[in-house]
Amino acid sequence: MRLTKVEKGGGFFQALLIRFISMVSGMRLPDAARIVMYHEDFYGKPMTGWTQAAMRGESSWSVGERELFAALTAKWNSCTFCVKAHTAIALLALDKTLVDAAVEDFRQAKLSSKVKAILVFLEIFAKTPDQLKPEDVITLLRDGMTQQDLEDAMAVVTLFSITVRLADALNFAIPDDGDFSRSAPRMLEKGYVFGKSKLLGHPDHRALAEALRKRVLEGPGTMDIALRQAMAKRAAGGPAVGEAAYDDLARQIGLAAYKITDEQVKKVMQKTGNEKAAFELIVAAAVGAGLYRWEKGLSMLKEAHELS
């Protein structure tokens, strides 16, 4: 379900900015941008900070490979918007035939052995993180991958495990292929921030993940901190939230956000009494699901190190 405030902007000046950007670009400002502009201090700033670092900071994975990781994360979560958006960017940085083949079936694509190996790991990480084993990490490390390689790749999938859930829960409008193609060059060059992008070193993913967690799940907001944390835990497979409307939506965000209905979101809006509060709970659930994967991956890295 689309939230009016996210769609039109959280205030007069933000609404003007959205219209201005849309006019200058010649296309509707995508919802992926609108969602980080709305309630920016709560979600947009910590999320874009980590996303920009993970996608455009230093890494042994090329920008094109990281965009491919994002596209496949979207595919594994059945998020049409994000598949199209990140495939369009990857196509500018990698061979078109290779990208198309990888998105169709990465196991059959002519990818490097390193990329194919990490994608096997990342698919489990994204879809069934509880099935990860330390041996999965040990195998990659023995084959020449570094711990930093693993953290860089896991960060991409963690971030887009959050984004795809928000895209589906909030029913992102899907532009036509021409609009995705027009926006892709800007995204490739500038990344995930507005205005000038800064040169980035190697990101401290653990610190950036903690900053996101603390802001969304412990920082000030319209909704009670305990409820935000309960939504996050429920989306990560934890105990039920007391209120049925909250529990139903958090559980669905964790399991399969593409199946979320307008009615589920509407019930949460009615219960909270306003859009900002509903937005906070939806974000909390999505962040909980994403960070569960991040923490699971880090625990496997630690166990692998202890076993080696």
(message) Step by step: first the residues of segment 18-32, then only those that are touching a residue at least 24 places away in the same chain (Cβ under 8 Å) and part of a helix (DSSP H, G or I), then the one that is nearest to the chain's Cα centre (by Cα). Which residue is that?
(response) A32
(request) Would you be able to tell me the number of residues in segment 141-160 that are aliphatic (A, V, I, L, M), under 17 Å from E303 (Cβ atoms) and in contact with a Lys or Arg (Cβ under 9 Å, 6 or more places away or on another chain)? (result) 2
(message) Out of K75, K116, K110, I need the residue that is of a type outside the set (F, W, Y) and surrounded by fewer than 14 Cβ atoms within 10 Å (Cβ to Cβ). Which one?
(response) K110
(message) Kindly evaluate G144 against the criterion of being of a type outside the set (D, E), over 23 Å from K190 (Cα atoms) and surrounded by fewer than 22 Cβ atoms within 10 Å (Cβ to Cβ).
(response) yes
(message) Give me the helices (runs of 4 or more DSSP H) completely within segment 229-308, filtered to those with at least 3 residues that are within 25 Å of A207 (Cβ to Cβ), ordered by residue number.
(response) 275-307
(request) Can you work out which of the residues in segment 147-184 that are of a type in the set (S, T, N, Q) and surrounded by fewer than 16 Cβ atoms within 10 Å (Cβ to Cβ) is modelled with the lowest pLDDT? (result) S181
(message) Take Q14 and tell me if it is over 21 Å from A257 (Cα atoms) and touching a Phe, Trp or Tyr at 6+ places or on another chain (Cβ under 6 Å).
(response) no
(request) Find the residue count for segment 86-107, including only residues that are more than 21 Å from the chain's Cα centre (by Cα) and in a loop (DSSP other than H, G, I, E, B). (result) 3
(message) Taking the condition of being within 25 Å of Y38 (Cα to Cα) and surrounded by fewer than 21 Cβ atoms within 10 Å (Cβ to Cβ), how many residues in segment 273-300 meet it?
(response) 5
(request) Report the residue count in segment 246-264 for those that are surrounded by fewer than 23 Cβ atoms within 10 Å (Cβ to Cβ) and hydrophobic (A, V, I, L, M, F, W, C). (result) 3
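The values are calculated or read from the model by the stated rules, or taken from the named source; none is laboratory data. Here the structure is a predicted model, which is why all the values come from computation and not from measurement. Every residue, glycine among them, receives a Cβ derived from its backbone with ideal geometry; neighbour counts consider all protein chains shown.
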